[in-house]
Structure formats: C-alpha cells, structure tokens
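Here's the structure we're looking at; comments come further down.
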Amino acid sequence: MRVLLSTYGSRGDVEPLVGLAVRLRDLGAQVRVCAPPDEDFAQRLADVGVPMVPVGRSARALTTGAPPPSSLPERAAEVIASQFDVVTSAAEGCDVLVATGMMPAAAGALSVAEKLGIRSVSITFQQLTLPSPHRPPLAYPGRPFPPEVTDNRVLWDLDAQSNNVLFGAALNTNRASIGLPPVDNVRDYVIGDQPWLATDPILDQWLEPADFDVVQTGAWILPDERPLPAELVTFLEAGTPPVYVGFGSMPMRAATDVARVAIEAIRAQGRRAVVARGWADLDLIDDRDDCFVVGEVNQQALFGRVAAVVHHGGQGTTMTAARAGAPQVVVPQAADQPYWAGRVAGLGIGAAHD
C-alpha cells in the first residue's frame, strides 16, 4: 500500500500527519508527505524517517507577511496551482491520498486524486469547517456574515457561497487544465460524503444529528521520545515549575510587547517562565535567570514539568497541554482558537482569555 499525505498549513496541520505516517509505516505501508517547504516541517519528518515532498512556498512566510484579506483569492490560487503541479507527480503510483490543511489546498489535492483515479479522504483537525446545525461557521476575513442572520443553516449556506467566491474560479481553472469538470460547491467537494475528524471526542465533541456522516478517529499523536535540551533540564531543576508561554505559528503583529507583558505577569505571580520563540520570534526581555527561551522542543515532555501553559489555542498545543495535565491559559488570536479556548474553559481545565 502506497499512501500520500497532503497538507498545506501550519505546524498544527503537519504534526498529526507525522503521527499518521509513522503508524501507517509500522503497518507496512509506504508513505510520503506533501507539505510546505518550511525547515521545521522538513526536520520533523526527517527525524522520523518519512520522505517529504515540498509544495508551494513557505507557510511561515505566507502567515507572517501580513497580507490583506482582499488578497485571499490570489493567495488561494497560488496554493491551488502548486497542489496541481506538485501533488500530481507525488501521487503517481499511490493507492490512497489523504488531504487536509487549507480548504483550497485540500481541494487541489483531492482533484489530483480524482484525475489519477485513486481513493481519497478528507481530514480535518477541528470541526469548525464541518457544517452542523449546532453552531455557526467561521467567517473568512473580509467576508463577515450579516448580523441579522442567526439561523445556523442559513449561515452555512452563506459559508458555501464564500468558499465558491474565494476559491471556485482558481480551482475550476486548474481542473479544466487537466480535463476535469467544474465543481459547483467547493466546500462540500472537499468535505466529501464521509469526512474524518481527527480530534479527541472529549475535548472536541461532535454532536448528532449532523449533516454529514463524520468519522471521529481520535487525535493523531506520535509519542515524542526526543530528550529535552540539557540547558533546559538544568533550568527546570533549578527552581519551582515555570509557566510556559508560546503562541506557535501566530505572528502576533498587533502585540509587539507580548513577551514583556507575559513575563511581567508571570513574575508578578512569583513564577519563572519558559518562553517559546514561535513564528512571532519571542525573546527574553532581560538577563535575569528566572526565564529561559526555547525553539523547537518536545512539548509532551516539557508540559508535564510546568506550572501552566499560556498559549494561542492551536488544537495541537491545546491537546498536548490537556494530555499532560497542565492548567491552560488560552489567549486566542484567530480562526478556530476561540473555539478551543471555550472548550478548555468549559471543561474546567484552564481559562479562556480575550
């Protein structure tokens, strides 16, 4: 069995595929991953011996470049074109394609699978893109929903229209170039008849009845055996458990003093701090010995040794902190992060900040 795992997004879109790839390989499958060419993604897959095929441009560059919402169709067209270009060759000879990540990227990858006649499945690592009568959809930047519309089903119809406006033309232009018919509903094409929801059923409960036959698989987590850096271990052992603060792939453009605010708040509680650089390039604010800065690190091991985890609310960080039993303070920035903040607060395992 030869499997291609395809994604385009941040670390939260890549890391679960690392776990899936290793598990599939253990079962005897040949696996490769299409992902953005960021160095940290390539290194993560290299660490577990899974071949990576780079697709498109750096996800970090795309995220931190502060593009205006009006440029979303143009950026989506670039992502879709790169999928058709790279995934077509990467999927040759494969039996199955697994697609996830940004909606336009998944649409492109699934179209390639359709053209090649191989089986495919759509995966999501948060349920907010799956239509449900129990909650409204997320609005795309620059395309707010009319405030007078409160019926969830009507809002999901508007969501489908937004996806078509933003991504339909680019997707169908590329489909026509390889002899495929146009898609009239981009979102439902990506979701398919039986999408997979790869999240924990307690942290992310899928409510029935629903509009789709969703398969909730549980979260895909690869046990991380990497040791913590010796200098970090020395810091951890030199005093009381510190508070971790990090915002993952969030550039934090509107909060240039976030490291100072966080460190001062942690110090005010009589705690030490571990600051994760992330895509915001956070750093220490002075040379006092009560703070330590980390880059790529084994969060599974680290979160079991901290007093609390302050983070942006990405699903991967939220899940890792929950599994470690660490109290969380979630400071959501965008997209699905307010949802995860609400779940953390609702379950009583942490606090949701504005």
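Structure notes:
- The listed residues are Arg44, Arg75, Arg25, and the only one of them that is within 26 Å of Arg226 (Cβ to Cβ) and under 20 Å from the mean Cα position of the chain (by Cα) turns out to be Arg44.
- Scanning region 251-265 for residues that are out of contact with any Ser or Thr (no Cβ under 8 Å at 6 or more places or on another chain) and open to solvent by less than 90 Å² (accessible area, probe 1.4 Å) returns Met252, Ala255, Asp257, Val258, Ala259, Val261, Ala262, Ile263, Ala265.
- Residues in region 71-130 that are among the hydrophobic types (A, V, I, L, M, F, W, C), closer than 25 Å to Gly313 by Cα, open to solvent by 20 Å² or more (accessible area, probe 1.4 Å) and assigned to a loop (DSSP other than H, G, I, E, B): Met102 only.
- All positions within region 274-297 that are open to solvent by 40 Å² or more (accessible area, probe 1.4 Å) and under 17 Å from the mean Cα position of the chain (by Cα): Glu296
- Taking (1) more than 22 Å from Val344 (Cβ to Cβ); (2) surrounded by 20 or more Cβ atoms within 10 Å (Cβ to Cβ) in turn, Tyr244 satisfies each apart from (1).
- Subset of region 132-152 (residues that are in a loop (DSSP other than H, G, I, E, B), touching a residue at least 60 places away in the same chain (Cβ under 8 Å) and either surrounded by fewer than 20 Cβ atoms within 10 Å (Cβ to Cβ) or aromatic (Phe, Trp, Tyr) (or both)): Pro133, His134, Leu138, Pro141, Gly142
- For region 134-157, the set of residues classified as under 24 Å from the mean Cα position of the chain (by Cα), of a type in the set (A, V, I, L, M) and modelled with pLDDT of 95 or more consists of Leu155 only.
- Some residue of region 21-38 being of a type in the set (Lys, Arg) and at pLDDT below 95: no
- Residue in region 29-47 that is most open to solvent (accessible area, probe 1.4 Å), counting only those that are assigned to a helix (DSSP H, G or I) and of a type outside the set (S, T, N, Q): Glu39
- Search result, residues across region 54-70 that are assigned to a helix (DSSP H, G or I), of a type in the set (A, V, I, L, M) and either within 23 Å of Ser162 (Cα to Cα) or at pLDDT 90 or above (or both): Ala59, Leu62
- Remark: Ala210 matches the filter, which requires a residue to be modelled with pLDDT under 95, out of contact with any strand residue (DSSP E or B) (no Cβ under 9 Å at 6 or more places or on another chain) and surrounded by 14 or more Cβ atoms within 10 Å (Cβ to Cβ).
- Selection within region 298-314 - closer than 16 Å to Phe247 by Cβ and either of a type in the set (Lys, Arg) or open to solvent by less than 30 Å² (accessible area, probe 1.4 Å) (or both): Leu302, Phe303, Val306, Ala308, Val309, Val310, His311, His312, Gly313, Gly314
The values are calculated or read from the model by the stated rules, or taken from the named source; none is laboratory data. Note that the structure is predicted; figures quoted are calculated from it, not measured. Cβ: placed from backbone, ideal geometry, glycine included. Neighbour counts: every protein chain shown. Heavy atoms of the whole protein, side chains included, go into the accessibility calculation; ligands, DNA and RNA do not. Shrake-Rupley method; radii C 1.70, N 1.55, O 1.52, S 1.80 Å.
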